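K.L.:
Sharing a structure, written as structure tokens. Questions coming.
The values are calculated or read from the model by the stated rules, or taken from the named source; none is laboratory data. Just so it is clear, the structure is predicted and the values come from calculations on it, not from any experiment. Ideal geometry is used to build each Cβ from the backbone, glycine not excepted, and the neighbour counts take in all protein chains shown. Calculation scope for accessible area: heavy atoms of the full protein, side chains included, ligands and nucleic acids excluded. Shrake-Rupley method; radii C 1.70, N 1.55, O 1.52, S 1.80 Å.
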Amino acid sequence: MLSWVYRYPRKDVTKNYTLDESLALLQKMIGVDFKQFDLYGLEQEVFLKADGKEKMTQKPVQMKREVQVTHNKVKSRMVESDANFLKLLGVSSTDGHLKKEKRDKFVQINKFLEFFKNATESLEKNKMTVLDMGSGKGYLTFAIYHYLKEVLSEKPEVKGVEFREDMVHLCNQKAAEAGFDGLGFVQGSIDSYEIPSVDVLIALHACDTATDDALAKGIRSGAKVIMVSPCCHKQVRKSMKTAGLASWFSKYGIVEERTAEMLTDLIRAEVLEIFGYQTQVFEFVNAENSPKNLMITAVKKRENRAEDQNAWMEIEKIKAFYGVEYQHLEREMRT
């Protein structure tokens, strides 16, 4: 069968025809519905003009083309569902099939690894040190180690910090079962855990100011890459005392909530920039997969400007306009 795609301004329509049916359709179209036809083959390209002065030209392809002959398009993933650590963590069954209820988690793991790969592209991977603050059940901690050790064949040192002691015990047990000797978990909280110098610091879904604490520790430790996915933005909203034009943003609860969220992450990103990080804020995964879907990625590439008071002026202007008394990370890094 040949697959025909008809493109319209508001939709695409796909129809499948046999080779004979396709040739009959082409014969009706040539010189009637269309005046030009372009055919791209594996070895040559053919161009036909049927505008009353028919002309056909052929030329060999400039670059070799490969055709995917499987029925379904093969998806490019950073980790496949049959990876052993996914079986151990209950994302996949023992035979390597993805569990239906873990599909969103599988999507999240793969998207995170894509961003991790891009953010750490310029870093030396061998002996890379990675710290996951608030690692939970360790899905992403395991995924990072798997990527560095199994995919890149490097020897990383990856550590997860988790407050719940039972989770720490479980993750260490699973790491041992997986044979991940460079992966370990320790009990501690984000605000109190003293971290050594690390190459990469991540903190996903650390609630409210715990994200700020993780960012502050990453900056102070000299982390080359910091990746956080914030949630539960409460602190800024409580400190907002809007007046004048900005009071419109407090008129409706949901608008005020989302404004506070955007302000929080905007100020976080600006603080990172001041400390020499090239910073990006983007959607982590689709909202349908997770409502906690924002990612802040910071890569150390510039000089630290924290001693220059002028560097903080834009943040002061933003705070003044929205009546924000303080933002936790900004206050933490200016003291």
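K.L.:
For the stretch 218-265, report the accessible area per residue in Å² (1.4 Å probe, heavy atoms, rounded to an integer).
P.N.:
Normalised by residue count, the accessible surface of the stretch 218-265 is 51 Å².
K.L.:
Hey, what angle do you get for helix 253-274 against the long axis of the chain, alpha-carbon based, 0 to 90 degrees rounded to 10?
P.N.:
80 degrees
K.L.:
Okay, next question. Looking only at Tyr139, Tyr17, Tyr252, which one moves most when the chain is put into a Gaussian network model with springs between Cα atoms under 10 Å?
P.N.:
Per the Cα network of the chain with a 10 Å cutoff, Tyr17 tops the list.
K.L.:
Next question. So what's the projected area for the stretch 194-335, the Cα convex hull averaged over all directions, in nm²?
P.N.:
With every direction weighted equally, the projected area is 8.7 nm².
K.L.:
Moving on. Under unit Cβ charges (Lys, Arg +1; Asp, Glu -1), what dipole magnitude, rounded to 20 debye, does the chain have relative to its Cα centre?
P.N.:
840 debye
K.L.:
Right, another one. Ranking request for peptides 128-135, 254-261, 28-35, 9-16: highest mean number of other beta-carbon atoms within 10 Å first, then the rest in descending order.
P.N.:
128-135, 254-261, 28-35, 9-16
K.L.:
Provide Trp312, Trp4 ordered by accessible surface of protein heavy atoms (probe 1.4 Å), highest first.
P.N.:
Order by accessible area, largest first: Trp4, Trp312.
K.L.:
Work out the FRET efficiency for Ala243 and Arg220 from their Cβ-Cβ distance, taking R0 = 41 Å, and round it to the nearest 0.05.
P.N.:
Once the sixth-power term is evaluated, E becomes 0.70.
K.L.:
Report for the chain the percent antiparallel among DSSP-assigned beta bridges with both residues inside it, nearest 5.
P.N.:
60 percent
K.L.:
Counting only residues 5 or more places away or on other chains, whose amide H sits under 5 Å from the amide H of Ser92 once H atoms are built in the peptide plane?
P.N.:
Under 5 Å from the amide H of Ser92 lie the amide H atoms of Lys87, Lys99, each far enough along the sequence or on another chain.
K.L.:
Mind checking the full-extension length gain between Leu152 and Gln173? Use 0.36 nm per residue of separation minus the Cα-Cα distance, one decimal, nm.
P.N.:
5.2 nm
K.L.:
Extending each Cα 7 Å along its Cβ direction at Arg258 and Glu303, get the distance between those two points in nm, one decimal.
P.N.:
Taking the simple label geometry, Arg258 and Glu303 are separated by 4.1 nm.
K.L.:
Carbon and sulfur: what percent of the chain's accessible surface (1.4 Å probe)?
P.N.:
Roughly 50 percent of what the probe reaches on the chain is carbon or sulfur.
K.L.:
A further question follows. Please build a GNM for the chain, connecting alpha carbons under 10 Å apart, and tell me which residue among Leu245, Leu25, Leu215 fluctuates the most.
P.N.:
Leu25
K.L.:
Continuing with this model, one more query. Mind listing the long-range amide H neighbours of Glu157? Cut-off is under 5 Å, sequence gap 5 or more, other chains count too, H placed in the peptide plane at 1.01 Å from N.
P.N.:
Met128, Thr129, Val130
K.L.:
Let me ask you something else. Counting each DSSP H run of 4 or more residues in the chain as -39500 (n - 2.57), what helix-only mean residue ellipticity at 222 nm follows after dividing by all residues, to the nearest 500 deg cm²/dmol?
P.N.:
Only helices count here, giving -10000 deg cm²/dmol.
K.L.:
Taking the C-alpha atoms of the chain, how large are the radius of gyration and the largest Cα-Cα span, Dmax, in Å?
P.N.:
Using the Cα atoms of the chain, the pair Rg, Dmax is 26.5, 80 Å.
K.L.:
Between Cys207 and Lys100, what is the spin-label point distance in nm, taking each point 7 Å from the Cα along the Cα→C-beta axis?
P.N.:
3.1 nm
K.L.:
Treating cross-link reach as a plain straight distance, find the lysines whose alpha-carbon is under 23 Å from the alpha-carbon of Lys55, omitting any fewer than eight places away in the same chain.
P.N.:
Within the straight-line cut-off, Lys55 pairs with Lys28, Lys35.
K.L.:
Something else now. Can you compute the FRET efficiency between Asn84 and Met63 using 1/(1 + (r/R0)^6), with r the Cβ-Cβ distance and R0 = 51 Å? Round to the nearest 0.05.
P.N.:
Using R0 = 51 Å, I get an efficiency of 0.85.
K.L.:
Let me ask something else about it. Where the centre of each part is set by its Cα atoms, how far does the stretch 184-205 sit from the stretch 255-280, in angstrom?
P.N.:
The distance from the Cα centre of the stretch 184-205 to that of the stretch 255-280 comes to 21 Å.
K.L.:
Right, here's the next one. Excluding residues fewer than 8 places away in the same chain, name every one of the lysines whose C-alpha is closer than 23 Å to that of Lys100.
P.N.:
The qualifying lysines are Lys73, Lys75, Lys87, Lys111, Lys137, Lys174, Lys292.
K.L.:
Could you sort out which of Lys155/Lys224; Lys99/Lys234; Lys117/Lys317; Lys11/Lys59; Lys127/Lys300 sit more than 28 Å apart by Cα distance in this structure?
P.N.:
Correct reply: Lys99/Lys234; Lys117/Lys317; Lys11/Lys59.
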